[in-house]
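The values are calculated or read from the model by the stated rules, or taken from the named source; none is laboratory data. All values reported here derive from a predicted model rather than from experimental measurement. For neighbour counting, all protein chains shown are included, and Cβ atoms are generated from backbone atoms with ideal geometry for every residue, glycine included. Areas reflect the complete protein model, heavy atoms only, side chains present, ligands, DNA and RNA absent. Shrake-Rupley method; radii C 1.70, N 1.55, O 1.52, S 1.80 Å.
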Amino acid sequence: MSNPLKSVIVGTAGHIDHGKSTLIEALTGTHPDRLEEEKRRGITIDLGFAFLEEGGVRFGFVDVPGHERFVKNMLAGTSGIDLVLLVIAADEAIKPQTREHFDICRLLGVGRGVIALTKTDLVDRDTVELVRLEIEEFVKGSFLEGAPILPVSARTGAGLGELKLTLQRVAHEFEDKQASRYFRLPIDRSFAVKGFGTVVTGTLISGQVAAGDELELLPERKLLRVRGVQTGGKAVERAEAGQRTAVNLAGIAHTAVRRGMVLAAPGRFAKTRRIDARLELLKSAQPIKHRTRVHFHAGTAETIAEVLLHGRAELKPGENALVQLRLAEDVVAVRGDRFIVRQFSPVITIGGGVVLDPLARRPSRKDSGRARFLETVEAGTPDEILRAMVERNILGLGMEEIVSRTGWKVEGARATAEKLAKAGAIRVVNSEPFLLISEPLLEDVLKKILVRVEAFHKQNPLLPGITKEELRAAAGRRVRTETFRAALDELVRQGKLLAHGELVKKPGTEITLTPEEAQAKQQIEQAFERAGLSVPSVKEVLAQLAIESRRAEKILQILLREKRLVRVSPELIFHCEALRQLGPLLLGYKKAKGERIGVPAFKELTGITRKYAIPLLEYLDRQRLTRRMGDERVIL
Ligand SMILES: Nc1nc2c(ncn2[C@@H]2O[C@H](COP(=O)(O)OP(=O)(O)O)[C@@H](O)[C@H]2O)c(=O)[nH]1
Ligand SMILES: [Mg+2]
């Protein structure tokens, strides 16, 4: 399917009454003001939208309010635009919201624009030229330096044709948006359409969406199904990044969706309240101190943030710094997202910046690697960024976390990880679920495991090995199970350890008994064998031995593990041969006297005391040689 049309979102910017909405109407035939109040008062309050298809370009226009009271609405509309149409009236030239909107566009990273010098019918030629010079001076050194400045009049139609051609030319100059990334649509409107239900709109900033898709509404994390999609006022099969998009949603009331929420590919984005970022303070702003509260705007969302500075008391006008933003409410952000901050009161735009780590950790003085890490995330290649992320997450980094921090796709992240692993920089310790750890961490865990196994053998020369569970604890509580398992596998692969079922040991640590110990082992076994069913207490047997009790206890353990002895209850141990006699004994009894046997009869049959008879019968129950029925047993 070929789609020769290029989709471009144009946002207006400029002071109130400079002719933004009128110009959009003149260009598209649609007056963007939609609210009753806007029409009555003749001012734009909220965002307006209009479309135009011309010259191989599908333009989506977002018209913003110029009034200073509605800058927050302007902000919601400006995030996600490709191109700004800065509107400046020839009779008024540059005014406060011309400056503020221009700053906002620059801070939001809007890369290009066209400047419309409107209302030229109200002034003479010389004034037009004067204002043009003033504008050139104003945009000098910014992204708009050298941008086309077009004198127009919506009243007479002068210059409109040339403005359209210029917009088309600029639209063709830049690359398409990130259609290859995961779907994300910051919502700017939600309403109900009769016969359709809930419809939400926004500028599609990445990925694509089609009818039938399952999406996630964030930050709620509610799964929803797409009934239908529209772009430019027409139903389409799918909408792609760079298009104004309306999504008809099943399963939710329009009142449950608000501006600031995000529709996204399920499981790919995370909500956050703690963002590490680079913040730039405008030259016109007051200095801000550590923990200053500001209004925070990202995408279409708006909340309050506390700015945490690091290693400095204040941020001065015109400066930028790495900061942490602690948000009052959940927002959705990934690396590279732009944001704006506005002074708490009076509310004016004071700065903005770029999200570096949207899942930032609580700042701490001990965290000396933080600045370097963030600088790598800011300017590094994907290899460098992933490596830095893995090294910083000493407990291991999962795929979900990589994706929701960076906005990368899983396939790309996996390829980068494999490349780094091949170069020996990081380790893929598990592939499903995907888990990466740094090479130094793995080395550390390997060492801890080896040290622990060695210490175990030293302390327990008579035991065949340490249990995996005990060893797992030695690796450190915070080390993930996958990491421990990978480390253990690695040591086994290298031949440094042997694993047998639940036991781990070093090769060459077969238990060798001293002659004295071997003799004691024999003595113990014989003592139990001789006793038959009237066994002595364990203490009694051990007391007779010539070796110290701790060693004797170990030898007892060996006999139990070898199954020469069997522990029937905590205090009661039998020789295996003695227990083996019980089967035929019970069978004989069953033949002669029937299948039921009581405790007294059992005592008589085996010649043991009541103290031993009860645990022994319980053992037989467990072994399914007998089954308890009231006070008696049935011989099975
Ligand atoms: N004479 C003249 N008036 C204009 C022109 N463009 C807009 N206006 C008028 O200026 C006023 C404000 O325009 P509007 O589009 O609402 O400005 P906005 O606040 O920037 O959206 C309206 O009364 C328009 O009719 C123009 O090119 N020439
Ligand atoms: Mg307007």
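In the range 202-227, the residue that is farthest from A50 (Cα to Cα) out of those that are surrounded by fewer than 18 Cβ atoms within 10 Å (Cβ to Cβ) and of a type outside the set (D, E, K, R) is L223. For the range 36-93, give me each residue that is over 33 Å from the mean Cα position of the chain (by Cα) and polar (S, T, N, Q). Correct list: T44 only.
Within the set R472, R477, R485, R452, the sole residue that is open to solvent by 20 Å² or more (accessible area, probe 1.4 Å), basic (K, R) and assigned to a loop (DSSP other than H, G, I, E, B) turns out to be R477. Quick check, is L52 open to solvent by less than 50 Å² (accessible area, probe 1.4 Å), more than 16 Å from ligand 2 (Cβ to nearest atom) and in contact with a Ser or Thr (Cβ under 9 Å, 6 or more places away or on another chain)? Spelling it out, L52 is indeed open to solvent by less than 50 Å² (accessible area, probe 1.4 Å), more than 16 Å from ligand 2 (Cβ to nearest atom) and in contact with a Ser or Thr (Cβ under 9 Å, 6 or more places away or on another chain).
Counting only residues that are over 13 Å from I558 (Cβ atoms) and surrounded by 12 or more Cβ atoms within 10 Å (Cβ to Cβ), the range 503-515 holds 5 of them.
I want to confirm something. Restricting to the range 423-437 and keeping residues that are in contact with a Gly (Cβ under 9 Å, 6 or more places away or on another chain) and buried (at least 19 other Cβ atoms within 10 Å of the Cβ), which single residue is farthest from G495 (Cα to Cα)?
We begin by selecting, within the range 423-437, every residue in contact with a Gly (Cβ under 9 Å, 6 or more places away or on another chain); these are 429-430, 433-437.
Narrowing further to those that are buried (at least 19 other Cβ atoms within 10 Å of the Cβ): 429, 434-437.
On the way: V429: 19, F434: 26, L435: 24, L436: 24, I437: 22 Å.
It comes out as F434.
As for the range 101-110, it holds no residue that is under 18 Å from K164 (Cβ atoms), away from ligand 1 (no atom under 16 Å from the Cβ) and of a type in the set (K, R).
Pairs meeting the criteria (first residue in the range 413-439 and at negative phi, second residue open to solvent by less than 20 Å² (accessible area, probe 1.4 Å) and among the hydroxyl-bearing types (S, T, Y), beta carbons under 7 Å, at least 6 apart or on different chains) are I426/S438; V429/T483; I437/T483. Against the definition (more than 19 Å from the chain's Cα centre (by Cα) and of a type in the set (F, W, Y)), how does F269 come out, yes or no? For F269, the condition - more than 19 Å from the chain's Cα centre (by Cα) and of a type in the set (F, W, Y) - is not met. Of all the listed residues (E319, E306), the sole one being open to solvent by 50 Å² or more (accessible area, probe 1.4 Å) and either under 25 Å from V110 (Cα atoms) or out of contact with any Cys (no Cβ under 7 Å at 6 or more places or on another chain) (or both) is E319. Here L533 fulfils each of the conditions (1) without any contact (Cβ under 8 Å) to a residue 60 or more places away in the chain; (2) in contact with a helix residue (DSSP H, G or I) (Cβ under 6 Å, 6 or more places away or on another chain) apart from (1). The single residue among K72, K95, K140 that is on the phi < 0 side of the Ramachandran plot, touching a residue at least 60 places away in the same chain (Cβ under 8 Å) and away from ligand 1 (no atom under 14 Å from the Cβ) turns out to be K72.
Among the residues of the range 238-259, the ones that are part of a loop (DSSP other than H, G, I, E, B) and either open to solvent by less than 20 Å² (accessible area, probe 1.4 Å) or among the acidic types (D, E) (or both) come to 4 in all.
Quick check, is R268 touching a residue at least 12 places away in the same chain (Cβ under 8 Å) and either part of a strand (DSSP E or B) or surrounded by fewer than 19 Cβ atoms within 10 Å (Cβ to Cβ) (or both)? It would help to see each step written out before you state the result.
Numbers: touching a residue at least 12 places away in the same chain (Cβ under 8 Å): yes; either part of a strand (DSSP E or B) or surrounded by fewer than 19 Cβ atoms within 10 Å (Cβ to Cβ) (or both): no.
Judged against the criteria, R268 is not a match.
In the set (1) within 17 Å of the chain's Cα centre (by Cα); (2) open to solvent by 60 Å² or more (accessible area, probe 1.4 Å), the condition left unmet by A313 is number (1).
Looking across the range 604-636, the residues that are surrounded by 17 or more Cβ atoms within 10 Å (Cβ to Cβ) and assigned to a helix (DSSP H, G or I) come down to L605, T606, Y612, A613, L616, L617, Y619, L620. Restrict the check to the range 201-224 and report whether at least one residue is polar (S, T, N, Q), more than 27 Å from the chain's Cα centre (by Cα) and in a strand (DSSP E or B). No. Of the residues in the range 383-400, at least one is over 27 Å from L279 (Cα atoms), touching a helix residue (DSSP H, G or I) at 6+ places or on another chain (Cβ under 8 Å) and crowded, with 21+ Cβ neighbours inside 10 Å. Listed by position, the strands (runs of 3 or more DSSP E) contained in the range 59-176 that have at least 2 residues being small (G, A, S) and open to solvent by less than 10 Å² (accessible area, probe 1.4 Å) are 112-118.
Within the range 455-469, the residues that satisfy the criterion of being closer than 22 Å to L560 by Cα and either touching a Pro at 6+ places or on another chain (Cβ under 9 Å) or open to solvent by 20 Å² or more (accessible area, probe 1.4 Å) (or both) are H457, K458, Q459, N460, P461, L463, P464, T467, K468, E469. Scoring G588 on the criteria (1) within 55 Å of the chain's Cα centre (by Cα); (2) without any contact (Cβ under 8 Å) to a residue 24 or more places away in the chain; (3) in a helix (DSSP H, G or I) leaves a single failure, condition (1).
Yes/no per residue for (1) among the hydrophobic types (A, V, I, L, M, F, W, C); (2) more than 27 Å from G476 (Cα to Cα):
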site	(1), (2)
S364	no, no
T381	no, yes
V390	yes, no
E401	no, no
A413	yes, yes
I437	yes, no
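Just need a number here: residues in the range 8-44 that are open to solvent by 20 Å² or more (accessible area, probe 1.4 Å), more than 8 Å from ligand 1 (Cβ to nearest atom) and not in a helix (DSSP H, G or I). Count: 5.
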